[in-house]
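Trainee: Quick one: this structure, given as structure tokens, is what I'll be asking you about.
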Amino acid sequence: MNRLRTWFLAPAATVTVVLFLIPLTVILGYSAMTRGAYFGLGPPWTLANYARVFDPLYGAVLWRSFVLSAVSTALCLTLGLPLALFISRSGKRRNLYLNLVMLPFWTSFLVRIYAWIFLLRDTGLVNAFLQKLGVIHDPLPMLYNDGAVILGLVYGYLPFMVLPLYATLERLDPFLIEAAADLGARPATAFWKVTLPLCAPGIRAGAVLVFIPCLGAFLVPDLLGGGKSIMIGNVVQNQFTTARDWPFGAALSLVLMALVMLALLAALGRRSEDLL
Amino acid sequence: MRRRLFLMGVAGAAGCSRARERRLYVYNWSFYIAKETVPRFERETGVEVRYRTFESAEEMLAKVSAGNSGWDIVIPSNAFVAPMREQGLLAPLDHARLPNLGNLEDRFRDPAWDPGLGYSIPYMYGATGILYNRSVRPEPRGWADFWQDRYGRRVTMMDDPSEVFAAALKRAGHSVNSDAAGEIDEAKRDLIAAKPLLRAFISADVRDQVVAGDVLMAQIWAQMGRLAVNERRDLGFAYPAEGFALYCDNVVILRESREPELAHRFLDYLLRPDVSAEIAQAVTTATPNAAARRLLPVEAREDPILYPPPDVAARGEWYRSLPAAGQRLRDRAWTEIKSS
């Protein structure tokens, strides 16, 4: 029995080692090297890259990224919870709705973000439509600001909130709500006192699944934010592209990973065990 | 059954041990060649060419810098030719095998980045300037216009630190390649001051928005300027009065190449007037090949956007790669500008 278990675990373990631990080790190695004169990297070994990470400039960028990601996560939750509730109570149409939630994944994220540019720009569909209706005279500045960045993040990661929420809500015993009603709770009270606490694990999982990729986002701030205000993902990306400073980029991303882990452990406390 | 499989295996092994079929591996920027360029070379020589493309210089450098990438020929921009040579990545060129070398314009026979063309041959070149809507009066003349509040924030600069610093440095009268701390700092402060007037940092993609009328003035490559003006006649392209950045992409043979003789043939083929003219036409850019330029239709040959007159061209300055310290200084300043 035990041997069987080992055999079944082997593929997943191999994938974890090959696709996760080995690249992480490589990044760890890079982060302690010195960048080449023009490109590339090599010895001598150094911790100087880590020292540079603790520049207040990067701290400010990181704080901004935290705020934008937290706002996006909160919006995803506000939009995702009613949607997940609706789907979980739609009977036979559940699968259809779930597929609709996942439908955007059928096309590339990059293409979908470009589509948003076509929608939001001055001569884009939304402005043209509003102008035709006579609602506005001058085009609304919808693109290239923080609002557009948050929109892009919420749009991109909403499914990651809906799916875990749906998974918890689907398992929720409807008799509990009924019992709450029998005991005199109005629907709103039943929702706040019964449904919401019971789907807390789904909320935590969804929040983590949305918050972390938001924090590392670089496409959305570049394309929808117009590169006017950067997130920490852009700083990391720049190190591997225009700055050609791989060791610093590696150190920055490792520190970021460590901070996210610590923040998660602190925020979720003992409950982080259900996630990690 | 077993034996037959075994024999097939032997036959397969024998097949493998035959001389490797001659193949040339070419790695170029995306959208940077004519449709017929590679197939014609294959027909003329009977050699197979594996042609792949990259999107950024860093992507290419990351692959070839270890020296065992499998590519024979790559096409770096001029700023990377000297660094790649210093790293020992490039094979010296044998000019005796490049009879078409004489087709190049004189100024490209001895460029600053590779004196005497010992390791590279110029492929195509271009510049960065200003694309603008001619409804804007007075029409913009230089980088200083990016600091004027008369476009209603319908202005963009490229999302590339080299280009943005080049504009600010030129405006202040410095070199596009400056890595002097004082000059970088000055440029940084100037750019932070200009940022509220900018709609976005956006590179070649901005072309659509200038054509559609969203953006009135954009820093952009001459090549994109040409394409935009083709689409909409009331657009103009200006070479900034203060000076501007020039780049040239170059064909090099990697030291690791196992087919240097074949690679030279490909380089000489690219230097052929008909081949170079065809590429310049297909990608709408400027060829450094004088004989090729003479083959172009007159409106392309004398295009003031792609081939600015000599007095304008004289204001251009070639990009160089900055050493680590300067690059780092700029990257930190760039992060400061972006997060301001």
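The values are calculated or read from the model by the stated rules, or taken from the named source; none is laboratory data. Model, not experiment: these values are computed from the prediction. Because the Cβ atoms are built from the backbone with ideal geometry, glycine has one as well, and the counts that use them run over all protein chains shown.
Trainee: For segment A:254-270, state whether one or more residues are among the basic types (Lys, Arg) and touching a residue at least 24 places away in the same chain (Cβ under 8 Å).
Mentor: Checking segment A:254-270: not a single residue is among the basic types (Lys, Arg) and touching a residue at least 24 places away in the same chain (Cβ under 8 Å).
Trainee: Test each condition in (1) within 14 Å of chain B (Cβ to nearest Cβ); (2) out of contact with any strand residue (DSSP E or B) (no Cβ under 6 Å at 6 or more places or on another chain) for A:Leu176 and report the one that comes out false.
Mentor: (1)
Trainee: In segment B:28-85, what residues are of a type in the set (Asp, Glu), in contact (Cβ under 8 Å) with a residue 12 or more places away in the chain and touching a strand residue (DSSP E or B) at 6+ places or on another chain (Cβ under 9 Å)?
Mentor: Matches in segment B:28-85: B:Glu48, B:Glu55, B:Asp72.
Trainee: Please go through segment B:194-205 and give me each residue that is more than 10 Å from chain A (Cβ to nearest Cβ) and either touching a residue at least 60 places away in the same chain (Cβ under 8 Å) or part of a helix (DSSP H, G or I) (or both), ordered by number.
Mentor: B:Ala194, B:Leu197
Trainee: Scan the helices (runs of 4 or more DSSP H) fully inside segment B:225-340 and keep the ones with 2 or more residues being touching a Gly at 6+ places or on another chain (Cβ under 8 Å) and either within 14 Å of another protein chain (Cβ to nearest Cβ) or modelled with pLDDT of 95 or more (or both).
Mentor: Answer list for segment B:225-340: B:324-339.
Trainee: Of the residues that make up segment B:94-102, is at least one touching a strand residue (DSSP E or B) at 6+ places or on another chain (Cβ under 8 Å) and either away from chain A (no Cβ under 14 Å) or farther than 22 Å from B:Ala263 by Cα (or both)?
Mentor: yes
Trainee: Restricting attention to segment A:227-243, does a residue exist that is part of a loop (DSSP other than H, G, I, E, B) and more than 29 Å from B:Ser321 (Cβ to Cβ)?
Mentor: Checked segment A:227-243: no residue is part of a loop (DSSP other than H, G, I, E, B) and more than 29 Å from B:Ser321 (Cβ to Cβ).
Trainee: Taking into account only those residues within segment A:4-37 that are touching a Leu at 6+ places or on another chain (Cβ under 8 Å) and not hydrophobic (A, V, I, L, M, F, W, C), which is nearest to the other protein chains (Cβ to nearest Cβ)?
Mentor: Selected residue: A:Arg35.
Trainee: Filter segment B:232-246 down to the residues that are under 22 Å from B:Thr287 (Cα atoms) and in contact with a helix residue (DSSP H, G or I) (Cβ under 6 Å, 6 or more places away or on another chain) and list them by number.
Mentor: Within segment B:232-246, B:Phe237, B:Tyr239, B:Pro240, B:Gly243, B:Ala245 qualify.
Trainee: Can you pull out the residues in segment B:90-122 that are of a type in the set (D, E, K, R) and outside any helix (DSSP H, G or I)?
Mentor: Hits for segment B:90-122 are B:Asp94, B:Glu105, B:Arg109, B:Asp110, B:Asp114.
Trainee: If you check A:Tyr97, A:Tyr144, A:Tyr58, which single one turns out to be touching a Lys or Arg at 6+ places or on another chain (Cβ under 6 Å) and either assigned to a helix (DSSP H, G or I) or within 14 Å of chain B (Cβ to nearest Cβ) (or both)?
Mentor: After applying the criteria, what remains is A:Tyr144.
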